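**Student:** Sharing a structure, written as structure tokens. Questions coming.
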């Protein structure tokens with residue numbers, strides 16, 4: 001194998017796949033990145049894989065002779081990123097597992113392992129495919145990922161539940177205390193691509209008349225965080241929208257999902273198990289409603305949180321219809337107390353209700369509109385937060401019971 | 001006590017003194033910051049103290065009634081820094097330990113403790129005083145602090161040894177493996193201020209003819225890091241140079257030292273024990289010498305360090321007089337190897353010598369000239385690095401013995 005490429009390109013692509021390389025690999029070869037140089041296409045592909053999440057990316061290079069090899073991901077990345085801007089030559093001798101990197105200043109040799117020991121990334125050839133607009137994907141991930149559970153024993157709750165229908169795309173995440181649901185617009189599926197076999201881990205409905213593909217899966221949050229990061233980078237550079245106007249292709253079959261766009265591919269196992277029927281948790285009617293400027297609400301909550309965090313993290317909200325005012329207060333016995341008021345449009349009777357300040361703050365920060373609406377029934381029933389305009393998002397949060 | 005001040009001013013000064021507040025205080029009141037409001041001077045002073053390092057700072061405010069109180073440093077800082085820009089009122093009721101902060105949006109109450117429980121910062125009334133230029137202090141600290149030992153059992157080696165003479169100021173730090181010595185220019189002492197009693201923890205010579213003050217002390221690195229940080233902030237805003245053209249006043253007596261400038265004061269206990277006679281460690285003559293561009297040398301060492309850190313941290317330098325070239329190499333068995341060459345002006349016979357790459361890098365990064373000079377005798381005797389022009393600094397580093 002012998003290839004010549006730009007230092008900054010190799011650095012950028014190594015940094016992408018390195019995120020999928022496990023820090024404590026179950027097998028030594030998984031600490032490596034798989035390099036594949038193709039003489040015919042004059043491209044180099046890199047792969048990182050922790051057996052659950054896999055990332056593959058490719059870039060063009062001057063490939064003098066093709067070949068494959070795995071090299072320690074962190075070491076290679078650390079050296080290459082410190083090399084000066086310019087051309088790098090990466091070469092191996094036949095039958096030798098050592099790669100030689102040559103640049104203007106010097107020469108580095110790094111010991112690798114054979115590519116035959118590296119596991120294949122799962123590929124999905126006969127599963128279903130859907131195309132999701134990049135903007136919708138980013139919007140949905142941003143509005144849901146923060147609500148997943150960080151507790152590994154919570155199984156499906158550690159992932160985001162993704163429901164793809166003919167004309168919509170729904171993201172849902174809940175950790176048992178709050179629930180975030182984002183609905184965005186899907187892209188039209190290719191006709192003829194909907195006749196694939198049923199999806200085992202999820203349900204699929206094929207409406208033969210309209211050739212609709214419908215599926216729902218639960219994807220680990222780690223993989224989706226990487227997806228969000230990679231899409232964001234691509235979106236910032238405008239790379240996808242131009243070259244892939246149809247968006248990101250999502251292939252899925254039993255237990256596996258891949259996202260593919262431009263020259264990149266992210267693959268993830270799916271989470272097994274029944275996702276909670278979250279739609280039934282969202283009340284259909286509310287007796288009270290408040291509209292408030294998001295920035296002011298967040299600012300007040302952040303100050304209140306300093307004191308709330310000292311004790312039980314509880315913030316009390318008092319809504320006064322007569323004053324058209326929201327009063328936030330915290331009482332951390334032995335430490336201190338605080339009280340702020342924010343102008344709000346309030347309808348319905350006055351209400352006192354308490355929340356975990358962290359859940360309120362995280363939800364409000366995930367929204368990106370100037371104003372938000374909050375709806376309530378009683379001080380013990382779930383409330384929902386929705387943005388006014390912008391993304392179609394519903395954030396449900398359970399109140400905390402307080403002694404009056 | 002009642003005072004009105006600007007939110008950004010209170011935030012900035014709280015952040016300064018908070019650095020001296022211990023995270024695990026030996027007594028609860030030390031987790032607090034001492035507030036003193038003076039109606040006569042219309043100033044507020046803040047103090048943080050961990051019984052070794054103390055920081056005091058003051059700023060002008062509208063003091064309606066004077067008083068003292070201690071308040072939880074972190075909590076107060078966290079709340080105040082999140083308050084909106086503008087005026088803050090801080091008030092206490094007589095006989096009550098609770099402070100009420102009022103701003104445009106709301107009101108916070110924070111429980112404090114009486115000022116009488118807070119220990120007094122050490123003051124030095126009848127010790128010696130010297131004036132040190134701010135630029136010299138920063139230069140000396142920057143060039144020495146990194147060489148102190150982080151190992152608490154190493155006692156005096158955890159500090160910087162400061163020698164103040166009539167016309168010079170010397171900073172020295174060593175952890176036993178390397179030694180940094182910086183000489184800068186001192187300011188003239190006030191006449192008449194040199195007749196104070198002898199310094200117990202250090203030596204002092206009073207030359208009656210020229211009224212010279214000479215002293216040497218060892219100051220904990222933690223205090224000096226804070227000093228460097230505070231001076232840097234002051235220097236950046238030009239605060240000291242304008243108002244205190246004579247520089248920073250250093251008062252010292254038995255076991256204690258204070259730095260005073262503008263409206264700030266930093267006090268530190270001194271480290272007890274004899275500091276090593278480091279001057280005798282620096283060879284007077286060298287048989288070999290190399291001049292090299294610092295940036296290129298650092299760049300090559302940083303790449304070499306990636307591989308060296310995998311093994312024993314050793315980098316080998318080979319100086320070739322014929323080629324006028326420095327070759328750096330690393331051999332990390334089973335992992336990889338590297339080799340770079342850098343153009344250099346070399347005099348004396350060829351030499352192979354090895355160093356801990358970390359010690360070389362840290363020394364080279366502390367210098368700020370384009371070119372540096374490195375001098376050697378043999379592969380087993382100490383080498384020194386000096387900047388070409390700029391600060392008068394000597395960095396001595398011991399080579400590592402390698403099997404050839």
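The values are calculated or read from the model by the stated rules, or taken from the named source; none is laboratory data. What you are looking at is a predicted structure, and each value in this text was computed from that prediction instead of being measured. Cβ coordinates were reconstructed from backbone atoms using ideal geometry, including for glycine residues, and neighbour counts include every protein chain displayed.
**Student:** From B:181, B:164, which residue is touching a helix residue (DSSP H, G or I) at 6+ places or on another chain (Cβ under 9 Å) and crowded, with 22+ Cβ neighbours inside 10 Å?
**Tutor:** On the way: B:164 fails: touching a helix residue (DSSP H, G or I) at 6+ places or on another chain (Cβ under 9 Å).
Every option except B:181 fails the conditions.
**Student:** Residues B:192, B:176: which one is at pLDDT 75 or above and not in a strand (DSSP E or B)? Give the steps one after another, and end with the answer.
**Tutor:** Details: B:192 fails: at pLDDT 75 or above.
It is B:176.
Residue-wise test of (1) within 14 Å of chain B (Cβ to nearest Cβ); (2) at pLDDT 95 or above; (3) in a strand (DSSP E or B).
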{"site": "A:337", "(1), (2), (3)": "yes, yes, yes"}
{"site": "A:344", "(1), (2), (3)": "yes, yes, yes"}
{"site": "A:354", "(1), (2), (3)": "no, yes, yes"}
{"site": "A:360", "(1), (2), (3)": "no, yes, no"}
{"site": "A:368", "(1), (2), (3)": "no, no, no"}
{"site": "A:404", "(1), (2), (3)": "no, no, no"}
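**Student:** Give A:362, A:302 a once-over and let me know the one that is touching a helix residue (DSSP H, G or I) at 6+ places or on another chain (Cβ under 6 Å), surrounded by 15 or more Cβ atoms within 10 Å (Cβ to Cβ) and farther than 23 Å from residue B:85 by Cβ. Steps first, please.
**Tutor:** On the way: A:302 fails: farther than 23 Å from residue B:85 by Cβ.
The match here is A:362.
**Student:** For region A:317-332, which positions are part of a loop (DSSP other than H, G, I, E, B) and either closer than 16 Å to residue A:291 by Cβ or facing another protein chain (nearest Cβ under 9 Å) (or both)? Give the steps one after another, and end with the answer.
**Tutor:** Of the residues in region A:317-332, the ones part of a loop (DSSP other than H, G, I, E, B) are A:321-324.
Hits for region A:317-332 are A:321, A:323, A:324.
**Student:** Now, a different point. Being part of a loop (DSSP other than H, G, I, E, B) and touching a residue at least 12 places away in the same chain (Cβ under 8 Å) is the filter here; which residues of region B:2-26 pass it? First the steps, then the outcome.
**Tutor:** Start the filter on region B:2-26 by keeping residues that are part of a loop (DSSP other than H, G, I, E, B), which leaves B:19-26.
B:19, B:20, B:21, B:22, B:25, B:26 - these are the residues of region B:2-26 that are part of a loop (DSSP other than H, G, I, E, B) and touching a residue at least 12 places away in the same chain (Cβ under 8 Å).
**Student:** For region B:53-69, check the following and say yes or no: at least one residue is in contact with a strand residue (DSSP E or B) (Cβ under 7 Å, 6 or more places away or on another chain), in a helix (DSSP H, G or I) and over 15 Å from residue B:17 (Cβ atoms). Lay out the reasoning, then the answer.
**Tutor:** In the first step, residues of region B:53-69 are kept if they are in contact with a strand residue (DSSP E or B) (Cβ under 7 Å, 6 or more places away or on another chain); the result is B:53-69.
Applying the additional criterion that residues be in a helix (DSSP H, G or I) yields none.
No, every residue in region B:53-69 fails to be in contact with a strand residue (DSSP E or B) (Cβ under 7 Å, 6 or more places away or on another chain), in a helix (DSSP H, G or I) and over 15 Å from residue B:17 (Cβ atoms).
**Student:** Sticking with this one: When you scan region B:124-137, do you find a residue that is modelled with pLDDT of 90 or more and not assigned by TED's automatic domain parsing to the domain that holds residue B:68, even just one? Don't jump to the end; show me each part of the working.
**Tutor:** We begin by selecting, within region B:124-137, every residue modelled with pLDDT of 90 or more; these are B:137.
Next cut, not assigned by TED's automatic domain parsing to the domain that holds residue B:68 only: B:137.
Yes - at least one qualifying residue is present in region B:124-137.
**Student:** A further question on this structure: Do we have residue A:309 as under 18 Å from residue B:82 (Cα atoms), within 14 Å of chain B (Cβ to nearest Cβ) and surrounded by fewer than 18 Cβ atoms within 10 Å (Cβ to Cβ) here?
**Tutor:** On the way: under 18 Å from residue B:82 (Cα atoms): yes; within 14 Å of chain B (Cβ to nearest Cβ): yes; surrounded by fewer than 18 Cβ atoms within 10 Å (Cβ to Cβ): yes.
Yes, satisfied.
**Student:** Would you check which residues across region B:370-402 are assigned to a strand (DSSP E or B), in contact with a helix residue (DSSP H, G or I) (Cβ under 8 Å, 6 or more places away or on another chain) and closer than 12 Å to residue B:286 by Cβ and list them?
**Tutor:** Listed by number, the residues that qualify are B:385, B:396.
**Student:** Taking residue B:81, is it buried (at least 17 other Cβ atoms within 10 Å of the Cβ) and either part of a helix (DSSP H, G or I) or within 34 Å of the chain's Cα centre (by Cα) (or both)? Break it down stepwise before answering.
**Tutor:** Working: buried (at least 17 other Cβ atoms within 10 Å of the Cβ): no; either part of a helix (DSSP H, G or I) or within 34 Å of the chain's Cα centre (by Cα) (or both): yes.
No; evaluated as a whole, the condition is false for this residue.
**Student:** Within region A:320-335, can you find the residues that are surrounded by 19 or more Cβ atoms within 10 Å (Cβ to Cβ) and either on the phi > 0 side of the Ramachandran plot or within 35 Å of the chain's Cα centre (by Cα) (or both)? Show your work before the answer.
**Tutor:** Keep residues of region A:320-335 that are surrounded by 19 or more Cβ atoms within 10 Å (Cβ to Cβ), which gives A:326, A:328-330, A:332.
Across region A:320-335, the qualifying residues are A:326, A:328, A:329, A:330.
**Student:** Only one of these conditions is not met by residue A:299: (1) more than 30 Å from the chain's Cα centre (by Cα); (2) within 13 Å of chain B (Cβ to nearest Cβ). Which number is it?
**Tutor:** The single condition residue A:299 does not satisfy is (1).
**Student:** If you don't mind, there's one more thing I want to ask. Can you name the residue in region A:99-128 that is outside any loop (DSSP other than H, G, I, E, B) and exposed (fewer than 15 other Cβ atoms within 10 Å of the Cβ) and is also nearest to the other protein chains (Cβ to nearest Cβ) among such residues?
**Tutor:** Initially, region A:99-128 is screened for residues outside any loop (DSSP other than H, G, I, E, B), giving A:99-102, A:106-111, A:113, A:115-117, A:128.
So of that shortlist, the ones also exposed (fewer than 15 other Cβ atoms within 10 Å of the Cβ) come out as A:116-117.
Working: A:116: 20, A:117: 17 Å.
Looking at the filtered set, the residue picked out is A:117.
**Student:** Could you tell me which of the residues B:96, B:78, B:50, B:38 is farther than 30 Å from residue A:343 by Cβ and within 14 Å of another protein chain (Cβ to nearest Cβ)?
**Tutor:** Working: B:78 fails: farther than 30 Å from residue A:343 by Cβ; B:50 fails: within 14 Å of another protein chain (Cβ to nearest Cβ); B:38 fails: within 14 Å of another protein chain (Cβ to nearest Cβ).
Within the list B:96, B:78, B:50, B:38, the selection yields B:96.
**Student:** Next question, about the same structure. Regarding residue B:314, is this residue modelled with pLDDT of 95 or more, touching a strand residue (DSSP E or B) at 6+ places or on another chain (Cβ under 6 Å) and within 11 Å of chain A (Cβ to nearest Cβ)? Explain how you work it out, then say what you get.
**Tutor:** Working: modelled with pLDDT of 95 or more: yes; touching a strand residue (DSSP E or B) at 6+ places or on another chain (Cβ under 6 Å): yes; within 11 Å of chain A (Cβ to nearest Cβ): no.
The answer is no for residue B:314.
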